[in-house]
Structure formats: C-alpha cells, structure tokens
1. Arrange Y316, Y124 by Cβ neighbour counts within 10 Å, fewest through most, would you?
2. Please list, or write none, the lysines whose alpha carbon is within less than 24 Å of the alpha carbon of K40, excluding same-chain residues fewer than 8 places away.
3. Can you give the alpha-carbon Rg of segment 376-513 over 2.2 N^0.38 Å, where N counts its residues?
4. I need the calculated FRET efficiency for the pair A245 and N34, taking r as the beta carbon distance and R₀ as 51 Å, to the nearest 0.05.
5. Quick query: amide H of L500 versus all other amide H atoms, modeled in the peptide plane; which residues come in under 5 Å with a sequence gap of 5 or more or a different chain?
6. Please work out the FRET efficiency for the pair S188 and W109, using the Cβ-Cβ distance as r and a Förster radius of 25 Å; give the result to the nearest 0.05.
7. To the nearest 0.05, how large is the calculated FRET efficiency for K554 and E440 if R₀ is 22 Å and r is the Cβ-Cβ distance?
8. Sort V185, V176 so the one with the fewest other Cβ atoms within 10 Å of its own Cβ comes first.
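Only the coordinates and a few stated rules stand behind these numbers; no lab work does. Small disclaimer: the values here were computed from a predicted structure and weren't measured. With ideal geometry, Cβ positions are generated from the backbone for all residues, glycine too; neighbour counts draw on all protein chains shown.
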Amino acid sequence: MLKAFTEPFRYPRPAATQQPSAGGGRRPAAKAKNWSGTLKRIWYYLARRQFKLALVLLMVLLSSGLALLGPYLVGVAIDHFLEEGPSRLWIWFLAGLVVVYALYSLTVWLQNVWMIEVAQETVYRMRLDLFSHLHRLPIPFFGRRQQGELMSRLINDIENVSSTLNSSAIQIFSSVLTLVGTVAVMLSLSPVLTLLTFTVVPLMALGMRWITRRTGPLFKERQRRLGELNGFVEETLSGQRIIKAFSQEQRVIGEFSARNDSIRLAGFWAQTISGFIPKLMNGLNNLSFAIVAGFGGILAIHGSITVGVIIIFVEYARQFTRPLNDLANQWNTLLSAIAGAERVFEVLDEDEEARDESASVSLDRLEGEVRFHNVFFSYEEGGKTLDGISFEARPGETIALVGPTGAGKTTLIQLLSRFYDPVSGTITMDGRDITTIRRENLRSHMAFVLQDTFLFAGTIRENIRYGRLDATDEEVEAAARLANAHSFIMRLPDGYEKKLETGGSGISQGQKQLLAIARAMLADPAILILDEATSSIDTVTEIKIQEGLHRLMKGRTSFVIAHRLNTIRQADRILVLKEGRLLEQGSHEELVARGGFYAGLVKGQAS
Ligand SMILES: Nc1ncnc2c1ncn2[C@@H]1O[C@H](COP(=O)(O)OP(=O)(O)OP(=O)(O)O)[C@@H](O)[C@H]1O
C-alpha cells in the first residue's frame with residue numbers, strides 16, 4: 001500500500017547538531033576541496049563506458065600522431081626539393097598530405113562524437129544518482145539546506161561537468177599527447193633548437209601559476225554564490241504572499257541586488273584575470289616563433305640544420321605552444337567543472353536515512369495499536385524536547401494532542417513516523433518496536449492530512465491517486481465521495497480532469513483539505529495523522545471536512561493535533577503536553593473533573 005501523503009510538516013529550521021539516529025550527520029568534509037579525490041570519482045563514472053572511452057583515446061592518439069605527421073611531411077618535402085630540384089614526386093607529397101589531413105579530421109570528428117556520448121551518459125548517471133540520493137536523505141538534512149541551492153547543484157553544477165566533459169576533456173588529453181609527441185620529434189630533429197624553443201616554457205608556467213592561483217578560488221566562489229542566489233530566488237518565489245503581505249518587496253529586491261552584485265564581481269574578476277591567459281600565451285608564442293626563426297636561420301647558415309627542419313620547427317613551435325594555450329584556456333573550465341563536481345559529491349556524501357536493520361520486517365497488516373514507553377528525545381544534545389513520554393493508543397482510538405506551542409506535539413508525530421528516532425525509550429506498533437519495521441513499510445500504514453495540504457501539478461484525479469497509484473477511476477471517485485469532495489470536484493469546469501498548478505493554487509483551502517482527505521481515504525491506512533486546520537474555513541466546508549474526517553477516522557488509530565474543543569471532546573484520549581512532558585492524559589470528562597492544566601485550557605477557550 002502506498003502512503004497517503006507525506007505532507008511538508010512545519011519542519012523547523014536547522015538543528016545545529018543531529019541525533020545520530022536521525023542519520024543526517026555529515027561525514028568529515030574530506031572529499032570536498034580534494035582534487036584528486038574528485039577526479040577519481042568522475043573517473044569512476046566515466047569508466048562505466050570503458051569501451052567507448054578506449055575508442056576515444058585511440059582516436060585522440062591517432063589524431064595527435066597525424067597532427068605531427070603533417071608538418072613533418074612538409075619539412076621533408078622542402079628538403080627533398082631543395083636538394084633534388086623539381087620532380088614529379090610533388091604529386092605524391094601532396095596526395096600524402098591530403099590523406100593525412102583528411103584522416104586527421106575524421107579521427108577528430110569521431111573522438112568528439114564518441115566523447116559526447118560518454119559525457120552525456122556520465123552526467124545522466126550523476127544526475128540520477130544525485131536525485132535518487134536526495135530522496136534517500138533524512139528529513140533533518142532538508143531543514144539545513146535551501147531547496148533552490150540544492151536544485152542549483154542538480155542543474156547548474158552538473159551542467160558544468162557536462163560541458164567540460166563534452167569538449168574540454170578531449171582537448172586537454174589531446175593537448176598533452178600532442179605536446180609530448182611534438183617535444184619528442186623536436187628533440188630528435190635538433191636538440192639545440194628544441195632547447196631554444198623551450199626558453200618560453202618557464203615564463204608560461206609562471207604566468208599560468210599567477211593567474212590560476214587567483215582565478216581558481218574566484219570561480220569556486222562564484223559557483224557557491226550562484227547556488228545561494230538560487231536558494232534565495234526559490235525562497236522568495238515560494239514566499240511571495242508573505243513578502244507582499246508584509247510589503248517586503250523592496251527589501252527583497254535590495255537583497256537580491258546585493259547578492260547578484262557579488263556574483264557579478266566574482267565573475268568579473270575571474271573572467272578578467274583568466275582573460276590574460278590567451279594574451280600571455282599569444283605573446284609567448286610569438287616570442288618562441290621569433291626565437292626559432294632567428295636562431296634556426298643562424299644554425300642553417302652554419303649548415304648544422306636544413307631549411308626543412310626550420311620549417312618543421314616553426315610549425316612545431318606553434319603546435320607546441322598551441323596545446324599549452326589550449327590547456328591554459330581549458331584550465332578555467334576544468335576548475336569550474338571540478339568545483340561543480342565537488343559540490344555534487346558533497347551532497348552525495350551526505351549520509352542517507354539510516355538503513356533499516358537487516359532483521360527489519362515488512363508488515364502486511366497493522367491493527368493500529370501504538371505505545372510509547374518512556375520516550376526521550378531532543379533535537380540538540382542535552383535538551384529535552386520530549387521528556388519521558390508514555391501512553392497507549394488502542395486500535396481505532398482517536399488520540400488528541402493538545403498543549404501550548406512548542407510543547408512537542410509535532411515532534412511526537414515525527415517520532416511516530418520515524419523521521420527521527422528516540423534518544424531512549426521505545427515506540428511499538430502492534431507490540432513490535434517500530435525500529436524493527438522497515439521505514440517504507442511503516443510509513444505505508446500511515447496517512448497524513450495536514451493543515452497545509454501540498455498538491456502537485458497535475459489533475460485532481462492524479463492528486464487523489466497519489467494515495468494509491470494502482471487505484472481505478474471508480475476507486476478514486478468513491479474515495480472522493482466519502483471525503484465529501486466529489487460534489488465540489490463535479491462543479492469544476494473539467495471535473496476530475498481539472499489541472500492544478502503546483503501547490504494547488506486555483507482551489508480553496510477547504511477544498512484542498514477535502515482532497516487530502518480523499519487521498520488518505522484511498523490509501524486506507526491503519527494509522528492517521530491529522531493536523532487540524534487553524535485557519536478559518538466557511539461553516540459549510542467546515543461541516544463537510546468534519547464529516548469527511550469522521551468517515552476517514554472510523555476504524556483507524558488517529559492522532560490529531562487538535563485545536564478545536566469539538567474534536568478534543570470526542571477523542572478517546574487526550575494527551576496534554578507541556579514543555580515536552582506529558583502532563584495529563586484521559587478523556588475530556590476525566591481531565592475536566594481533575595481540574596488541572598487541561599481544565600484551565602478548556603475554561604480559557606470557553607471564555
Ligand atoms: N528541527 C528542530 N531542531 C531544533 N529544535 C526543534 C526542531 N523542531 C522543533 N524544535 C523545538 O522542539 C520543540 C517542540 O517543537 P514542536 O514543533 O514539536 O512543538 P508543537 O507542540 O508541535 O508546537 P506547535 O503547536 O506550535 O506546532 C520546540 O521548542 C521547537 O523549537
């Protein structure tokens with residue numbers, strides 16, 4: 001059976017420390033800011049397409065070899081014709097060159113196509129892993145993170161990795177190969193001229209070091225700020241009503257502007273400084289060209305090298321600095337991709353919701369008997385959010401939870417659904433410790449109807465069917481009838497096919513509640529969690545909701561966070577919580593007769 005719905009409880013804001021059992025603890029940030037670790041993990045993804053990758057590498061090898069062969073042929077041809085004079089061989093040299101460059105283009109094209117395939121597969125896996133992992137993370141994790149920021153990791157950071165793998169990875173690899181090959185051939189032709197060409201290398205290395213030391217942190221910072229901006233945008237868009245209601249538009253725009261500006265600044269400096277790289281490389285390239293031409297000419301005059309070798313060197317000097325240039329250009333892209341990948345792996349390293357014990361069971365049926373045995377719980381070390389709670393709910397009973405704000409009512413429910421586990425004490429269902437029941441199975445026996453009903457973008461029918469995905473249309477409508485939702489649905493222009501926007505804008509608060517009841521009805525759970533609406537709903541809808549709830553609660557163990565005297569009065573047992581302690585429990589009459597805290601509350605409400 002599927003869970004009716006895990007509504008967004010009002011999960012409070014970040015807890016500084018986690019209960020270990022909550023499973024939200026972060027591992028030491030060893031992997032973050034760890035280059036080799038991050039690259040290894042990217043490799044782990046790439047290695048899934050080993051065969052294609054091997055083909056790519058083969059093509060890169062071939063293309064790099066062909067790139068070396070071209071200029072070599074030209075040099076050999078020049079020397080040949082200078083020595084032997086004009087001959088018919090030129091046709092063959094020309095044909096050879098055409099073949100070399102045609103093969104070069106073919107191998108480059110093939111490596112690109114295959115690498116795109118590998119890259120797309122890699123980011124597909126990464127994205128899937130991250131999304132699946134996000135859905136296995138414990139609830140406290142989401143209290144600590146902004147949704148938009150997480151989305152930015154899922155979309156922007158992975159996109160960053162994708163574009164780098166698509167283009168830069170090959171380029172970097174082929175640059176290294178070309179570089180090694182060029183140097184090897186240069187050395188074999190003229191060690192002296194090679195050394196002279198190398199004189200620009202230390203300058204290049206120094207320049208690059210100076211630049212990347214500055215741009216690396218800037219790119220990373222920009223990425224981080226971009227993630228935060230995403231979070232901010234998401235938060236302000238979802239909190240539109242509150243922002244408008246409190247006339248905070250200008251403040252929000254001001255804050256956005258400041259954040260936007262900080263990204264602009266980080267981006268400006270990162271791009272400006274890294275923009276020096278091509279200029280620097282170009283300058284040094286020209287310098288090496290001049291060195292080869294000048295000194296090569298002198299060597300040729302002295303007869304220690306041929307004109308052909310100079311031509312080869314001029315071409316190779318360019319080939320030698322070009323990969324360096326490419327490497328330098330790709331460096332920034334690589335830096336930003338590694339920063340992105342690190343941010344993805346950082347989330348992947350978050351501990352998942354603690355795994356179910358291997359001995360955990362799945363129950364087909366649950367009667368709905370619930371017991372708390374001396375349960376203690378705290379969000380933070382040393383606190384006492386729940387302080388020795390013990391009570392029993394027999395199958396089918398309605399338990400009302402009352403008490404002042406912050407008393408621990410929501411927390412008690414969170415423990416029941418195992419979003420958190422007690423620090424000590426046990427919670428049992430049908431006599432079985434709930435930690436021995438698989439979480440998914442446990443939650444599938446529960447349904448939630450909360451104040452703030454969350455509806456997904458989709459039709460009304462789809463939203464009700466969320467309670468049980470294999471329900472037929474007839475079952476969906478029957479559930480809606482029982483929930484008193486059918487008549488309002490039929491009055492809508494498209495009836496059950498009416499499309500709702502995310503959050504269910506377009507229908508009223510009361511109607512949303514009726515849909516939530518229908519959804520829970522369809523799920524047919526043994527245990528119900530109800531958070532009574534505090535907002536005022538018109539009397540007719542209110543009666544409909546009460547009727548619907550009444551039918552829904554029949555035969556199920558229901559926990560109601562109650563605000564209304566009516567509900568409380570009808571409950572089989574009322575648990576009165578205050579500052580985490582269970583002050584009193586009993587029926588309405590019993591508690592009134594006792595004349596304690598509850599009796600005071602009732603008097604207060606009555607007056
Ligand atoms: N994630 C959290 N981290 C730290 N403290 C929390 C967290 N959630 C709740 N608390 C604290 O635990 C206490 C109990 O909160 P809880 O939400 O259970 O109260 P409640 O009785 O449901 O209140 P209300 O009627 O206002 O919803 C409060 O003091 C609250 O501040």
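1. Ranking Y316, Y124 by Cβ neighbours within 10 Å, fewest first, gives Y124, Y316.
2. Straight-distance partners of K40: K31, K52, K220.
3. Dividing the Cα Rg of segment 376-513 by 2.2 N^0.38 Å gives 1.30.
4. So, using R0 = 51 Å, E works out to roughly 0.65.
5. Under 5 Å from the amide H of L500: G458, T459, I460.
6. Working from the Cβ atoms, E equals 0.25.
7. 0.25
8. The most exposed by this proxy come first: V176, V185.
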